[in-house]
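What follows is calculated from the coordinates using simple rules that are stated; it is not laboratory data. Computed from a predicted structure; not experimentally measured. Cβ sites come from the backbone with ideal geometry, for glycine too, and all protein chains shown count toward neighbours.
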Amino acid sequence: MNTDLDSRVRTAAFHFLEAETRLVADKVLPHALLAKGFMFDGQRVPLLSPQGIFKPAVLPEMPLTIRTKYVEDGEAAPYHDVIGTDGLLRYCYRGTDPGHRDNVGLRLAMQRQVPLIYCHGVLAGRYVVEWPVFIVGDSPGELTFTVNMDEHRFALLGEVGANDSETDGRRRYITRQVQQRLHQEGFRQRVMAAYLAHCAVCRLRHEELLEAAHILPDGHPQGHPVIPNGLSLCKLHHAAFDANILRIRPDYEIEIRLDVLKEIDGPMLKHGLQEFHRGRLWTPHRPLHKPKPEFLEERYAMFRDAS
Ligand SMILES: [Zn+2]
């Protein structure tokens, strides 16, 4: 009876998330929507509460949601949920008591292999939501649970359960994709918010035409997906920045490459690129969010060497 109720609530929650994420391009849901949740047999079932591990009242024993809060760059994270080298998420216990009812509930979810929802904060009040996720390990010594985030996608690719090296390799590959998606989506959301969804060069304000550019590229030791290493740019200016046609000096002055500056062509070249030469980059108001001059300087040097 309880088992039946439990699985019906989880199924309804997954349907709710499927319907809600169908309406958004980036699979990012606002806190208010998740906290409000959905109706089940005349009862409201929220998906989030102030606690990281959350069991709505309708469920008898096991939590429904686990959450990692967004931490503003520079703030200390209250919990350090990380993805291990095995590609699995380590989710921190509630507090330090393995016997706390939230921890007991997650352990039960592990023993019964009950699917959960993972909400990963990418911005204040915004979450990338993954489901179903499963608790696959419990480490009282480290006060963490191990969470598999890709069983669903994994299942779509073929057989599940075999524990051979090919399976492990595929799992790592998919988890890297999930991890990258969480990072990239978070980066985009934060950069868009910091730049109030404007292109830093031309101030275009159509979010669907804007992208979050890295100043120091992904793979560079300092190429982290953080706001001071980011720029909100429209597609044209992002491409021009990546192609070294448009450069940004550490003092935020924009330069158009000399050969392109001298070219004679139509209005797109003139108004889209040449007129921004010696113009000033439009940057966020908050000093912490401005592009870091050291990053711009290194990027500028990288491209000077290349050209
Ligand atoms: Zn632009």
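Could you list, bin by bin from short to long, the percent of Cα-Cα pairs of region 195-306 in 10 Å steps?
15, 50, 31, 5
Among K69/K292; K69/K290; K36/K235; K27/K290; K55/K292, which pairs are too far apart, with a Cα-Cα distance over 30 Å?
K36/K235; K55/K292
Nearest-5 percent of antiparallel DSSP beta bridges in region 195-306?
90
Once amide H atoms are placed 1.01 Å from N in the peptide plane, what residues at a sequence separation of 5 or more from G137, or on another chain, have their amide H within under 5 Å of its amide H?
Long-range HN contacts for G137: T146.
Note down the net charge around L59, summing +1 for each Lys or Arg and -1 for each Asp or Glu among other residues with Cβ under 14 Å from its Cβ.
So the surrounding residues net to +1.
What net charge do the residues around L258 carry, taking every other residue with its C-beta under 14 Å from that of L258, with Lys and Arg at +1 and Asp and Glu at -1?
+2
First measure r as the distance between the Cβ atoms of A32 and R280, then evaluate 1/(1 + (r/R0)^6) with R0 = 30 Å and state the FRET efficiency to the nearest 0.05.
Taking R0 as 30 Å, the efficiency between A32 and R280 is 0.25.
Go through 234-246, 216-228 and give me the packing order, highest mean Cβ count within 10 Å leading.
234-246, 216-228
Quick one: compute the contact order of region 182-307, relative version, from alpha carbon pairs under 8 angstrom and 6+ residues apart, as a percent.
Relative contact order here is 26 percent.
Could you name the lysines whose alpha carbon sits less than 17 Å from that of K262, not counting residues in the same chain fewer than 8 places away?
The qualifying lysines are K270.
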